[in-house]
Amino acid sequence: MNTEPNDILEEQKEMFTAKNDDYRDTWIVSGMALSALHSEPVTLETDIDHIVNGNVHRLLDKILRGYSTAVINDDVNFEAAVDSFRDAATYAAMIASALEGEPTTRLQTAYDNALGETPGVREETVKITAHDEASTNGTASDTEAEQ
């Protein structure tokens with residue numbers, strides 16, 4: 001096991017290169033796809049909004065990885081297409097569970113453990129800007145969060 005930062009970063013570089021060969025830049029495509037869906041900033045106000053938003057990102061990543069490994073590159077070194085689609089099904093179930101009603105005891109316990117607070121609406125909203133208003137070429141900007 002390497003403990004020097006440069007050694008760890010070199011290992012991670014190799015891992016990134018190998019995984020990106022399998023997944024084909026889906027980490028870029030998923031951000032571009034989500035950005036293209038919104039002409040206005042998305043405001044996340046409740047804990048459920050944040051949970052759904054985070055899991056939709058994961059779901060889209062899994063779907064794109066599954067597509068990439070099933071259709072574009074079936075000679076993969078890591079996660080097989082079927083694994084990506086099984087993971088996507090799990091994320092979809094998690095999203096459905098979060099959307100079905102009031103927060104569950106599980107959500108409240110997780111929230112309490114993570115933040116040490118009572119679940120509920122945050123005092124401030126978090127805005128995710130899908131497009132850079134200053135952009136003149138119409139390309140998507142980096143995700144911008146305000147708290």
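The values are calculated or read from the model by the stated rules, or taken from the named source; none is laboratory data. Values in this document were obtained by computation on a predicted structure and should not be read as measured data. Cβ atoms come from the backbone with ideal geometry, glycine included; neighbour counts cover every protein chain shown.
Observations on the model:
- Single condition Ala130 does not satisfy, out of (1) modelled with pLDDT of 85 or more; (2) closer than 18 Å to Val42 by Cα; (3) not charged (D, E, K, R): (1)
- Hey, Leu59 closer than 24 Å to Gly31 by Cα and either in contact with a helix residue (DSSP H, G or I) (Cβ under 6 Å, 6 or more places away or on another chain) or at pLDDT below 85 (or both) or not: yes
- If you go through region 38-71 and pick out every residue that is surrounded by fewer than 19 Cβ atoms within 10 Å (Cβ to Cβ) and either of a type in the set (D, E, K, R) or within 22 Å of Glu14 (Cβ to Cβ) (or both), you end up with 4.
- Considering region 43-84, the residues that are in contact (Cβ under 8 Å) with a residue 12 or more places away in the chain and assigned to a loop (DSSP other than H, G, I, E, B) include one that is nearest to Ala98 (Cα to Cα), namely Thr46.
- The residue pairs whose first member lies in region 2-30 and is surrounded by 12 or more Cβ atoms within 10 Å (Cβ to Cβ), whose second member is outside any helix (DSSP H, G or I) and β-branched (Val, Ile, Thr), and whose beta carbons are closer than 9 Å, counting only pairs six or more residues apart or on different chains, are Asp21/Val76; Asp22/Val76; Tyr23/Val76.
To keep it simple, each residue is scored yes or no on (1) modelled with pLDDT under 80; (2) within 16 Å of the chain's Cα centre (by Cα); (3) not charged (D, E, K, R).
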site: Asn55; (1), (2), (3): no, yes, yes
site: Ala70; (1), (2), (3): no, no, yes
site: Glu79; (1), (2), (3): no, no, no
site: Phe85; (1), (2), (3): no, yes, yes
site: Ile95; (1), (2), (3): no, yes, yes
site: Gly116; (1), (2), (3): yes, no, yes
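- Glu40 vs. criteria free of Cβ contacts under 8 Å to residues at least 60 places away in the same chain, part of a loop (DSSP other than H, G, I, E, B) and on the phi < 0 side of the Ramachandran plot: no
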